[in-house]
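Below: the structure, in structure tokens.
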Amino acid sequence: MAIQAMGSNRTTVADEVNILKRPGFEAIPLTLDSTAFTDGVCKAGAPIGASGTIKNDGDCIGINLYDVDSSRPQATILKKAYVKDATITSHYGTAIASTAKAVLPMIIFE
């Protein structure tokens, strides 16, 4: 057995945004594609497609719950939840398209 030096990295996060309006949600795990990241982060509130890419259209399967770093691209994708529409728009930077909202009937945008 080889013994190696243990290392660690420190990442500073400006803030953690909460897009949930009410407690309780259902979500699935999904590995994000490298194209889903801007400046190394996929922001909470991003509409995600089945391939792990950002899909702000009818191909959306859910909403990214937390900010995800590109060094560990595993995301939690909301399938059923009450979310804050204004918070998503301000944090993600783009409003969720009406076509994306239409294919997510179990996500309530308030």
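Please list, in order, the residues from the stretch 29-70 whose amide nitrogen is less than 15 Å from a point placed 7 Å along the Cα→Cβ vector of Ser98. Within reach of a label on Ser98: 57-58. Think of the stretch 26-109 as having a plus end and a minus end, set by charges on the Cβ of Lys, Arg, Asp and Glu; of Thr87, Asn56, Thr35, Thr87 sits farthest toward the positive end of this dipole. Where [x] 15.2, 56; [y] 17.6, 61; [z] 14.3, 48 are the candidate values, the label of the one calculated here for Rg and Dmax of the Cα atoms in Å is [x]. Each DSSP beta bridge with both residues in the stretch 1-105 is either parallel or antiparallel, and the antiparallel ones are about 100%. With K and R counted +1 and D and E -1, the other residues having a Cβ less than 13 Å from that of Gly24 yield a net charge of +3.
Bear in mind that the values in this text are calculations on the coordinates, not laboratory data. Computed from a predicted structure; not experimentally measured. Neighbour counts are summed over all protein chains in view; Cβ atoms, including those assigned to glycine, are modelled from backbone coordinates with ideal geometry.
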